[in-house]
Amino acid sequence: PIENVDVEFDDALKTTGSDGLVTYIKNAKKYSLLVKKSGYITFSNKTEVTGNGIFEVMLIRQDNQSPIIQLISPEDKAVTSNTSIILKYKAIDKSAMTCKLYVRANSSAWKLENLDNNVISDAESVFVLTNLQNYTYEWQIECTDKNGNLNLSEAYTFTVDTSLMENV
């Protein structure tokens with residue numbers, strides 16, 4: 001039970017007690033029902049009363065917290081001779097998220113490089129970059145949860161230097 005919830009049946013406003021309940025006596029007709037409490041999603045609809053009955057409303061907590069993003073690999077300031085790289089990260093939230101990969105080379109403008117619409121919370125996710133040139137790259141991840149809360153990770157850098165490859 002949720003205490004101190006405002007319940008409005010048309011213009012009659014009552015507040016729930018410690019049992020989470022309010023009682024109304026109404027004639028049979030259609031009424032506007034509004035149930036609200038700070039920190040919860042407001043419930044609102046037209047409710048038809050046809051006789052004695054119990055109406056149960058479940059309130060859902062609002063999610064105002066942005067996803068937490070952790071860049072895993074490559075480590076910041078890594079140097080590689082590979083022209084392809086796997087960028088690993090983890091995003092944590094109460095719901096599934098959409099995450100975007102932003103990349104820039106040699107301090108150029110940031111570019112949206114890739115998008116994953118179904119990132120699972122607290123699971124390792126990856127983006128793969130291919131055909132990389134001999135540059136220093138910066139990368140960061142932006143995630144948005146289903147409630148529109150957004151966060152942008154810190155930026156990591158890595159350098160591609162193909163001259164590090166051994167001659168065969």
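The values are calculated or read from the model by the stated rules, or taken from the named source; none is laboratory data. If you're wondering where the values come from, they're calculated on a predicted model, not measured in any experiment. Positions of Cβ are generated from backbone atoms using ideal geometry, with glycine treated the same way; all protein chains shown enter the neighbour counts. Please note that ligands, DNA and RNA were not included when accessible areas were found on the heavy atoms of the full protein model with its side chains. Shrake-Rupley method; radii C 1.70, N 1.55, O 1.52, S 1.80 Å.
Here's a check for you: in the stretch 115-168, which residue that is surrounded by 12 or more Cβ atoms within 10 Å (Cβ to Cβ), of a type in the set (V, I, T) and at pLDDT 95 or above is nearest to Y89 (Cα to Cα)?
The residue in question is V126.
Going by the structure shown, is A105 farther than 30 Å from D10 by Cα and free of Cβ contacts under 8 Å to residues at least 40 places away in the same chain?
yes
Which condition breaks for S44 when tested against (1) closer than 27 Å to I2 by Cα; (2) in a loop (DSSP other than H, G, I, E, B); (3) at pLDDT 85 or above?
Condition not satisfied by S44: (2).
For a quick check of your reading of the model, give me the residue pairs whose first member lies in the stretch 64-84 and is part of a loop (DSSP other than H, G, I, E, B), whose second is of a type in the set (D, E, K, R) and open to solvent by less than 60 Å² (accessible area, probe 1.4 Å), with beta-carbon atoms closer than 8 Å and at least 6 apart or on different chains.
Q65/D93; S66/D93; S66/D145; P67/D93; P67/D145; S81/D161
Being surrounded by 13 or more Cβ atoms within 10 Å (Cβ to Cβ) and modelled with pLDDT under 90 is the filter; apply it to the stretch 3-21 and report the residue that is nearest to the chain's Cα centre (by Cα).
Here the answer is G20.
Failed condition for Y89, given (1) open to solvent by 30 Å² or more (accessible area, probe 1.4 Å); (2) at pLDDT 95 or above, with all others met?
Checking Y89 against (1) open to solvent by 30 Å² or more (accessible area, probe 1.4 Å); (2) at pLDDT 95 or above, the one that fails is (1).
Within the stretch 48-63, can you find the residues that are surrounded by 10 or more Cβ atoms within 10 Å (Cβ to Cβ) and either under 30 Å from M97 (Cβ atoms) or in contact (Cβ under 8 Å) with a residue 24 or more places away in the chain (or both)?
V57, L59, R61, Q62, D63, listed by residue number.
Can you confirm whether V79 is of a type outside the set (K, R) and open to solvent by less than 90 Å² (accessible area, probe 1.4 Å)?
no
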